[in-house]
1. Say we look at segment 222-238 and pick out the residues that are in a loop (DSSP other than H, G, I, E, B) and in contact with an Asp or Glu (Cβ under 8 Å, 6 or more places away or on another chain); which of these is least open to solvent (accessible area, probe 1.4 Å)?
2. Taking the condition of being modelled with pLDDT under 75, open to solvent by 50 Å² or more (accessible area, probe 1.4 Å), assigned to a helix (DSSP H, G or I) and not basic (Lys, Arg), how many residues in segment 152-203 meet it?
3. When you scan segment 239-280, how many residues do you find that are of a type in the set (D, E, K, R), within 17 Å of Glu220 (Cα to Cα) and part of a loop (DSSP other than H, G, I, E, B)?
4. Tell me whether segment 54-76 contains one or more residues that are under 24 Å from Leu166 (Cα atoms) and assigned to a helix (DSSP H, G or I).
5. Would you mention how many residues in segment 264-302 are at pLDDT 75 or above, open to solvent by 40 Å² or more (accessible area, probe 1.4 Å) and of a type in the set (Gly, Ala, Ser)?
6. When you go through Thr353, Thr305 one by one, which is the residue that is surrounded by 15 or more Cβ atoms within 10 Å (Cβ to Cβ), polar (S, T, N, Q) and at pLDDT below 80?
7. State which residue is farthest from the chain's Cα centre (by Cα) when the search covers only segment 13-47 and only residues that are charged (D, E, K, R) and open to solvent by 60 Å² or more (accessible area, probe 1.4 Å).
8. Go through segment 204-221 residue by residue and tally those that are outside any loop (DSSP other than H, G, I, E, B) and open to solvent by 20 Å² or more (accessible area, probe 1.4 Å).
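The values are calculated or read from the model by the stated rules, or taken from the named source; none is laboratory data. The model shown is predicted, which means the values in this text are computed figures rather than measured ones. Every residue, glycine as well, gets a Cβ built from its backbone with ideal geometry; the counts of neighbours run over all protein chains shown. SASA here: full protein model, heavy atoms, side chains in, ligands and nucleic acids out. Shrake-Rupley method; radii C 1.70, N 1.55, O 1.52, S 1.80 Å.
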Amino acid sequence: MALIQLDRDISSYITELAIRLGLFFITVVIAPALGRSLTYLIRLVLQITLRRIEVDTDDTFDRFIKPFQNYITTTGTLLFIALSLNLLVKYPELYTFLGFFVYMALSISLALLASKIVQRVIRQVAIDRLRRRGQEINEIILVFETVTNIIIILIAVIIFAQGLNLNLFALSASLGIGGVAVAFASRQALERLVGTFELYLDRPYVPGEYVRVNFNPFAEDVYGRIESIGLRSTKIRTAAQNTLVIVPNSMMAGMKIENVTRGKKVMAIVCLDFYKLLSESEKALVQQAIEDISESFWGIERGSTRVHFSQIPKKLRSRVRLSFFISGSSQDSLNLRKRLLELANEEIANNLTNYNLAFSVPESMVYLDSPMSI
């Protein structure tokens, strides 16, 4: 009786296996047709969805779906085969053997499809919009595309592992020594990539702007124009020597950078009308008093202070035109420096009064925006 029962169990096992294999192979045969139908299903969904917002369905399909039609068909075919593989999940050895090839092909196909879509979106949609806005297209587009492809590959690996019920954590632990070696070897490359993203997100500078950076505390600052921001480095064209300095992005991300181009600079002009014609010694006294006061107030560019003497037409009186330059990183800092400049003018007036040099101010101080330059 035991032998008869065993024969029945084996017969039942073989029958069920044959039925499941038969269904699986039937699905494999019809999977290409199902994969091709996926494209038509997408088109139908687009017609239903875009009809409500009055968008040309045919144009959208031709631009974003038709170029990937073969990839979509292949991916859909492999997806239906992977789903039908669940018929054999009762047989672990057979499922693992067939699943290795099926999920490997599905992961690669999904990665290729996603990569092609991302590439088209970035290079046609994003780049076209940047060109329409008149913005410069630089290497950061390639950085974004590379990182996106890395994420796609990681997702493909996860899909492959989940399909075969592999434990990624245990697999990572078993490859720990190799992983440490790879991580150590690629550490610098990862640091530069992370530095590139920090520069892109923070935007301390963009190509065309002038910056000042100090790479050596015992040397002079580097002044220059940002020529380009690459995948691994930033190129700076120095202002004096006209040489090209190439700095890793990881280093630039950790530097204290002064963006000269984005600074704000204002020229202040005020006239002093004296009640007499100044002699040469009095002019020298006025000049010295103005320079001394300018040096004592923070925020006023001493080297750019100008004092111009002239005679008021048809009068025996002297006019002094003062021009000051003040700079700041924001409007608030400029307002603070304007207040300091007003205090400096009051101090100049007090000093000249002590020398019995009385004057009047015919007009209030005028502020003019001035471009920053190196």
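1. So the first thing to find is which residues in segment 222-238 are in a loop (DSSP other than H, G, I, E, B), and the list is 230-232.
Next cut, in contact with an Asp or Glu (Cβ under 8 Å, 6 or more places away or on another chain) only: 230-231.
Working: Gly230: 7, Leu231: 82 Å².
Among residues in segment 222-238 that are in a loop (DSSP other than H, G, I, E, B) and in contact with an Asp or Glu (Cβ under 8 Å, 6 or more places away or on another chain), the one least open to solvent (accessible area, probe 1.4 Å) is Gly230.
2. 22
3. Step one: filter segment 239-280 for residues of a type in the set (D, E, K, R), giving 256, 258, 262, 264-265, 273, 276, 280.
Going one step further and asking which of them are within 17 Å of Glu220 (Cα to Cα), we end up with 256, 258.
Next, only the ones that are part of a loop (DSSP other than H, G, I, E, B) stay: 256.
Count: 1.
4. Taking segment 54-76 and keeping what is under 24 Å from Leu166 (Cα atoms), we get 75-76.
Still in the list and also assigned to a helix (DSSP H, G or I): 75-76.
Yes; the residues of segment 54-76 include at least one that is under 24 Å from Leu166 (Cα atoms) and assigned to a helix (DSSP H, G or I).
5. So the count comes out to 3.
6. Details: Thr353 fails: surrounded by 15 or more Cβ atoms within 10 Å (Cβ to Cβ).
That would be Thr305, the only listed residue that is surrounded by 15 or more Cβ atoms within 10 Å (Cβ to Cβ), polar (S, T, N, Q) and at pLDDT below 80.
7. Filtering segment 13-47 down to residues charged (D, E, K, R) leaves 16, 20, 36, 43.
Adding the requirement that they be open to solvent by 60 Å² or more (accessible area, probe 1.4 Å) leaves 20, 36, 43.
Working: Arg20: 52, Arg36: 39, Arg43: 35 Å.
By that ranking, first place goes to Arg20.
8. If we filter segment 204-221 for residues that are outside any loop (DSSP other than H, G, I, E, B), which is where we start, we get 210-213.
Going one step further and asking which of them are open to solvent by 20 Å² or more (accessible area, probe 1.4 Å), we end up with 210, 212.
Residues flagged as outside any loop (DSSP other than H, G, I, E, B) and open to solvent by 20 Å² or more (accessible area, probe 1.4 Å) within segment 204-221 amount to 2.
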